[in-house]
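Heads up, the thing below is written out as structure tokens.
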Amino acid sequence: KIYMLLVDIYERSDKEELAQQTYQTMLKKFSQSSKVWTKMGLFHIKHGNVQASRDLLQRSLRSLPKRKHIKTITKFAQMEFKYGEAERGRTIFEGMMSNYPKRADLWSVYIDMEIKAGDFDIVRRLFKRIIEMKFSSKNMKFFFKKWLAFEKEHGNEEHINHVKEMAQSFVESLN
């Protein structure tokens, strides 16, 4: 915790070299912490060193326990979307979706990042893919609500009615 505060102080006062050294120390001491790896990856991306961040992801996966891999990869993909290349973030998410197709939490994060990126056709295609996958009724309700809220904000009447019809047909298929 103290190291994290120290790094924040160095970053705010534009002492990149000291921040870099502190991150290296943190990685040696806390190599099992996903938070340290993602924070250092964000540091690299924000300072324009995208390749170092990508290399760091690969290093982190060799050091972290398997149970922390999904969380770490998701964070790095979100950073790519926000600060790096959206296409690269998309590629990372697509790889995760093919490996973990039933993880509703990952789909939700992926959709949120695409909405922020602003390509609404891609968002609609993602929602259609999710609806075709047949999650549990609880998850389907969540995704339909999310899709409807998205269309109310970014779509038109036609899109809204389409989502309502899809939800209606899903409910009827349950009976």
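The sole residue among Lys128, Lys102, Lys141, Lys134 that is at pLDDT 90 or above and over 21 Å from the mean Cα position of the chain (by Cα) is Lys141.
Just to confirm my filter: which helices (runs of 4 or more DSSP H) fall fully inside segment 1-72 and include at least 1 residues that are under 30 Å from Glu94 (Cα atoms)?
On the way: elements: 2-12, 16-29, 34-46, 50-63.
In segment 1-72, 16-29, 34-46, 50-63 are the helices (runs of 4 or more DSSP H) which contain 1 or more residues that are under 30 Å from Glu94 (Cα atoms).
Condition check: among the aliphatic types (A, V, I, L, M), in contact with a Phe, Trp or Tyr (Cβ under 8 Å, 6 or more places away or on another chain) and without any contact (Cβ under 8 Å) to a residue 60 or more places away in the chain. Does Ile92 satisfy that? Full working, then the answer.
Values: among the aliphatic types (A, V, I, L, M): yes; in contact with a Phe, Trp or Tyr (Cβ under 8 Å, 6 or more places away or on another chain): yes; without any contact (Cβ under 8 Å) to a residue 60 or more places away in the chain: yes.
Judged against the criteria, Ile92 is a match.
Can you pull out the residues in segment 114-145 that are among the hydrophobic types (A, V, I, L, M, F, W, C) and outside any helix (DSSP H, G or I)?
From segment 114-145, those among the hydrophobic types (A, V, I, L, M, F, W, C) are 115, 117, 120, 122-123, 126-127, 130-131, 133, 135, 140, 142-144; that's our starting set.
Of everything in segment 114-145, just one residue is among the hydrophobic types (A, V, I, L, M, F, W, C) and outside any helix (DSSP H, G or I), namely Phe135.
Whenever a residue of segment 121-133 is surrounded by fewer than 19 Cβ atoms within 10 Å (Cβ to Cβ), its partners that are part of a helix (DSSP H, G or I), lying with C-beta atoms within less than 7 angstrom and at least six residues away or across chains, give the pairs Ile122/Glu114; Ile131/Phe143; Ile131/Met166.
Considering only segment 64-113, state which residues are within 19 Å of Met133 (Cα to Cα) and polar (S, T, N, Q). Ser98, Asn99, Ser108, listed by residue number.
Out of all the residues in segment 93-113, is one or more among the acidic types (Asp, Glu) and assigned by TED's automatic domain parsing to the domain that holds Gly41? Steps first, answer last, please.
First pass over segment 93-113, keeping only residues among the acidic types (Asp, Glu): 94, 105, 112.
Within this subset, residues satisfying the condition of being assigned by TED's automatic domain parsing to the domain that holds Gly41 are 94.
Within segment 93-113, one or more residues are among the acidic types (Asp, Glu) and assigned by TED's automatic domain parsing to the domain that holds Gly41.
The values are calculated or read from the model by the stated rules, or taken from the named source; none is laboratory data. Predicted, not measured: the structure shown is a model, and the values here were computed from it. Reconstructed Cβ throughout: ideal geometry from the backbone, glycine too, with neighbour counts over all protein chains shown.
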